[in-house]
Amino acid sequence: MPSEGLRLQAFLARAGVASRRASEKIILAGRVSINGSIATELGVRVKSGDKVSLDGRPLREEPRKRYILLNKPAGYISAMSDPEGRPIASELLPGVGERVYNVGRLDQWSSGLLLFTNDGELAAVLGHPSGGIEKEYEVVADAPLGEDFFESFAQGVVIDGVTYRAFRLDRTGSASARVVLVEGKNREIRRVLERFGRRAKSLRRVRIGPLEIGELAEGAYRELSEAEVEALRSARNSRA
């Protein structure tokens, strides 16, 4: 914690009590004390060694929650380490001090949005198939895609006993499409393309739930806003 201290509402947010705005209301309600004295001002700061309590219950500042969106280039793997020495997506986050983990994966030769966080609870619900978070991809195949590809993928394609089904598909060209998945399986789009004798020349994820790639440059990353984090939680809850 900085020597000058952290604003109390920010401390409460980091302790997982509530958002900063909701924490302000909790402070004004007289529910928070610092070193045994009720805090009545929003501008008060918590310094190292201070004891903060909510309704008499001691609080501890948790590590800052980070929510980071990376536009992963092709060639990087979605892992925290690799014994083969391949480039790792997390290496593209040099300015992030906290240890964060990727939520879900993009295969090595796919590009696009990859979410990193140290919020284990959110990562768990987003990573579980029951979360129902939509993920949208731009696909360019090495040869024209027939109507049988679109019809079969929408209805469900069984490969080696596993059913692959797109939530939504839209043709964007003779050999290209936008594919929305909900229960994404390992290399799903690539496997279905191969069933129809095609390969992906490029495969790019452009959306995760309410989060879109926008103007984020390849290899760049940005922090999610509080509104985006809440929208991500709501997107999950709406399908729960």
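Scanning region 61-97 for residues that are part of a strand (DSSP E or B) and either of a type outside the set (F, W, Y) or within 16 Å of A217 (Cα to Cα) (or both) returns I68, L69, L70, N71, K72, I77, I88. Please work out if G132 is touching a Gly at 6+ places or on another chain (Cβ under 7 Å), under 29 Å from L224 (Cβ atoms) and modelled with pLDDT under 95. Judged against the criteria, G132 is not a match. Apart from one condition, E188 fits all of (1) within 19 Å of V140 (Cα to Cα); (2) acidic (D, E); (3) touching a Pro at 6+ places or on another chain (Cβ under 6 Å); the exception is (3).
Screening G43, G95, G16 for residues that are closer than 20 Å to E228 by Cβ and in contact (Cβ under 8 Å) with a residue 12 or more places away in the chain leaves exactly one candidate, G16. From the list A227, A220, A235, the lone residue that is without any contact (Cβ under 8 Å) to a residue 24 or more places away in the chain, of a type in the set (G, A, S) and under 30 Å from R21 (Cβ atoms) is A227.
Restricting attention to region 9-31 and to residues that are under 25 Å from the mean Cα position of the chain (by Cα) and small (G, A, S), the residue that is farthest from P63 (Cα to Cα) turns out to be A22.
Residues to consider are G36, G16, G30; find the one that is in contact with an Asp or Glu (Cβ under 8 Å, 6 or more places away or on another chain) and outside the structural domain of R207 (by TED's automatic domain parsing). None of the other options fit; the residue is G16.
Taking each residue of region 104-127 that is more than 15 Å from P87 (Cβ to Cβ) and looking for partners that are surrounded by fewer than 20 Cβ atoms within 10 Å (Cβ to Cβ) and acidic (D, E) with beta-carbon atoms closer than 6 Å, six or more apart or interchain, yields N118/E98. Does A166 fit the bill of being more than 16 Å from the chain's Cα centre (by Cα), closer than 16 Å to S111 by Cβ and assigned by TED's automatic domain parsing to the domain that holds N102? No: the conditions fail for A166. Considering region 141-184 alone, what residues qualify as being surrounded by 15 or more Cβ atoms within 10 Å (Cβ to Cβ), charged (D, E, K, R) and over 20 Å from S202 (Cβ atoms)? Once the filter is applied, which keeps residues that are surrounded by 15 or more Cβ atoms within 10 Å (Cβ to Cβ), charged (D, E, K, R) and over 20 Å from S202 (Cβ atoms), region 141-184 yields R165, E183.
Results for (1) in contact with a Phe, Trp or Tyr (Cβ under 8 Å, 6 or more places away or on another chain); (2) within 27 Å of V180 (Cβ to Cβ); (3) among the β-branched types (V, I, T); (4) surrounded by 12 or more Cβ atoms within 10 Å (Cβ to Cβ), shown as yes or no for each residue.
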{"position": "R45", "(1), (2), (3), (4)": "no, no, no, yes"}
{"position": "S48", "(1), (2), (3), (4)": "no, no, no, no"}
{"position": "I68", "(1), (2), (3), (4)": "yes, yes, yes, yes"}
{"position": "K72", "(1), (2), (3), (4)": "no, yes, no, yes"}
{"position": "I77", "(1), (2), (3), (4)": "no, yes, yes, yes"}
{"position": "G104", "(1), (2), (3), (4)": "no, yes, no, yes"}
{"position": "F116", "(1), (2), (3), (4)": "yes, yes, no, yes"}
{"position": "D119", "(1), (2), (3), (4)": "yes, yes, no, yes"}
{"position": "E134", "(1), (2), (3), (4)": "yes, yes, no, yes"}
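Quick check: anything in region 11-23 at pLDDT 90 or above, touching a strand residue (DSSP E or B) at 6+ places or on another chain (Cβ under 8 Å) and crowded, with 18+ Cβ neighbours inside 10 Å? Taking every residue of region 11-23 in turn, none turns out to be at pLDDT 90 or above, touching a strand residue (DSSP E or B) at 6+ places or on another chain (Cβ under 8 Å) and crowded, with 18+ Cβ neighbours inside 10 Å. The residues on offer are E147, E151, E183, E194, and the sole one that is more than 30 Å from P94 (Cα to Cα) and modelled with pLDDT under 95 is E183. A search for C-beta distances below 9 Å between a residue of region 53-68 that is modelled with pLDDT of 85 or more and any residue that is exposed (fewer than 11 other Cβ atoms within 10 Å of the Cβ), counting only pairs 6+ apart in sequence or on different chains, returns S53/G36; R66/G97; Y67/S225.
The values are calculated or read from the model by the stated rules, or taken from the named source; none is laboratory data. What you see is a predicted model, and the numbers here were worked out from it, not measured in a lab. FYI the Cβ positions are ideal-geometry reconstructions off the backbone, even for glycines, and counts take in every protein chain you see.
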